[in-house]
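Each remark here refers to the structure printed beneath this line.
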Amino acid sequence: MGTRTWFLWQGIYLFTHLLIHTLITTLLDRPFLADPYFVNKAKAGRADEINTCIGCNQACLDHVFQSKRASCLVNPIAAYESSVKILPVDATKKQNIAVVGAGPAGLSFAVTAAQRGHNVTLFDKDNKIGGQFNMAKMVPGKEEFYETLRYFNKQIQLTGVRLELNTTVTTDMLKDKYHSVVVATGVLPRQISLKKTPDSKVNVYSYVDVLRNNVSVGQRVAVIGAGGIGYDISDFLTHGNSLTYLLTYSLT
């Protein structure tokens, strides 16, 4: 092999080596934002403890395109590690904390507070954690949302959060039992008024009726509202072979 040929093959080898490692690094940038301990957990056989990227792009790529700091929707401390410190609380300052609502916000707070050493009780009236994530995970392409709920289920076990499901919280239940109460009960669908004649055969449903309550909508559907939820519900319905029309609607 001549000197020039040897250098050529060495160059090809180095270029390929760098390209592969660059691709690996690029493909794993969002998973590392979601969980910087991804590799260590996988190596230790603790894959069920990995906080999985849900591919939403809302706090990473969307921020980059706006010249903002990239972070992560499922790990908002990402890129803020030097300014936000989650440290163990002093034994004299431990609190009994009630968290009402086991959606993403309530889950994140409950687990973080428990990691710091507080005694946390997490309430939800549903029979499972997740809140509206349980509807979002039904949308085609958003199956990763199952992984977020898997992650929080595991974190509840590891941190010792007391989970009270199928529980509607009242003031009397919380009175004199907790130092702090955190309300994370989420939002309700916006209501609009649609006039319906007595002989109309058109049914009006919210996205909650469709995604949570499994209401059958028929073959021809008009979706009012072309935002994120409107698009998601349309995607969900068309995968079920309904003919869907996406409409905009002004509330003003």
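The values are calculated or read from the model by the stated rules, or taken from the named source; none is laboratory data. Bear in mind the structure is a predicted one, so any value in this text is a computation, not a measurement. All Cβ positions, even for glycine, are placed from backbone atoms using ideal geometry, and neighbour counts span all protein chains on display.
Got at least one residue in region 96-117 being surrounded by fewer than 12 Cβ atoms within 10 Å (Cβ to Cβ) and more than 23 Å from C72 (Cα to Cα)?
No - not one qualifying residue is present in region 96-117.
Given the residues T148, T167, T159, which is the only one that is of a type in the set (S, T, N, Q), modelled with pLDDT of 95 or more and within 19 Å of the chain's Cα centre (by Cα)?
Going through T148, T167, T159 in turn, just one is of a type in the set (S, T, N, Q), modelled with pLDDT of 95 or more and within 19 Å of the chain's Cα centre (by Cα): T148.
Just need a number here: residues in region 166-179 that are out of contact with any Lys or Arg (no Cβ under 7 Å at 6 or more places or on another chain) and surrounded by 13 or more Cβ atoms within 10 Å (Cβ to Cβ).
4
Going through region 194-230 one residue at a time, which ones are surrounded by 16 or more Cβ atoms within 10 Å (Cβ to Cβ) and either of a type in the set (D, E) or in contact with a strand residue (DSSP E or B) (Cβ under 8 Å, 6 or more places away or on another chain) (or both)?
V221, V223, G225, G230
Only one of I97, I86 is among the aliphatic types (A, V, I, L, M) and not assigned by TED's automatic domain parsing to the domain that holds Y178. Can you tell me which?
I86
Return yes when I233 is in a helix (DSSP H, G or I), touching a strand residue (DSSP E or B) at 6+ places or on another chain (Cβ under 7 Å), touching a residue at least 12 places away in the same chain (Cβ under 8 Å) and closer than 29 Å to V139 by Cα and no when it is not.
So I233 fits the description; yes.
Going by the conditions given, is Q191 loosely packed, with under 11 Cβ neighbours inside 10 Å, of a type outside the set (V, I, T) and within 25 Å of the chain's Cα centre (by Cα)?
Criteria met by Q191.
Might you check whether a residue that is out of contact with any Phe, Trp or Tyr (no Cβ under 9 Å at 6 or more places or on another chain) and among the acidic types (D, E) occurs anywhere in region 115-125?
Checking region 115-125: at least one residue is out of contact with any Phe, Trp or Tyr (no Cβ under 9 Å at 6 or more places or on another chain) and among the acidic types (D, E).
Could you please give the count of residues in region 157-168 that are under 14 Å from G106 (Cα atoms) and of a type in the set (V, I, T)?
1
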